[in-house]
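Reviewing the structure listed below.
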Amino acid sequence: MALQFKYSKYFLLTLGMIVIDQVVKVWVHYNIVLGQSGELKVFGDWFKLHYILNEGMAFGIQFGSDYGKLGLSLFRLVAMGVIAFYLYKMAKKGLPTGLLWCVALILGGAIGNVIDRIFYGAVADFLNMSCCGINNPYSFNIADIAIFMGAIGLAFFGEDHKSKPKKNSA
């Protein structure tokens, strides 16, 4: 039996995030010079497009060896599978939609960044925000925003799933 729309709509958000993330990254790759010389100021020093390739984890943290990278890659793939399975199960149980949308955002962002790692060996980051005379050396991307928004949303909707699930009409 095909995945019913009431379950698949969350995966459509995941797919939408992946597509938006990858389309923007391709545009950045072909239109912005890699590194400091290609930096484009959007709103002064506050918001810039600064294209970098992040070979590490969050904030460029590195694993010391190729085995560490391989282990982390395998972990990411397994984690995405678990998240996708869990999202389906939570949707089938009728858990609050806010919770499900948040998990779908996290899954979409995670897949977007893993696609970069698989095809390019690094994650394309290009959004940079600095404030108050402090130069932020870290850039991020659309997938990171999806993960962050999903995580923040879980802080608001995460406890709701402990209340009784909605009646499932399936």
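The values are calculated or read from the model by the stated rules, or taken from the named source; none is laboratory data. None of these values were measured; they are calculated from a predicted model. Heads up, the Cβs are rebuilt from the backbone with ideal geometry, glycines too, and the neighbour counts pull from every protein chain shown. In case anyone asks, the SASA skips ligands and DNA or RNA and just uses the protein heavy atoms, side chains included. Shrake-Rupley method; radii C 1.70, N 1.55, O 1.52, S 1.80 Å.
Surface calculation, 1.4 Å probe, protein heavy atoms: HIS29 sits at approximately 100 Å² accessible.
In this label model, VAL33 and TYR86 are separated by 4.4 nm, measuring between points 7 Å along each Cα→Cβ vector.
What is the list of residues in region 14-55 whose amide nitrogen lies under 14 Å from a point 7 angstrom out from the Cα of SER130, following Cα to Cβ? It comes to 36-51, nothing else. For region 111-155, taking Cα atoms only, Rg and Dmax work out to 12.7, 37 Å respectively. When all protein chains stay in place and ligands, DNA and RNA are ignored, the 1.4 Å accessible-area order of ASP116, ASP45, largest first, is ASP45, ASP116. When the listed pairs LYS6/LYS89; LYS25/LYS48; LYS9/LYS48 are checked against a 22 Å cut-off, the alpha-carbon distance exceeds it for LYS9/LYS48. Accessible area ranking (1.4 Å probe, heavy atoms, ligands and nucleic acids excluded), largest first, for LEU100, LEU105: LEU105, LEU100.
Distance from the C-alpha centroid of region 10-46 to that of region 100-142: 9 Å, rounded to the whole angstrom.
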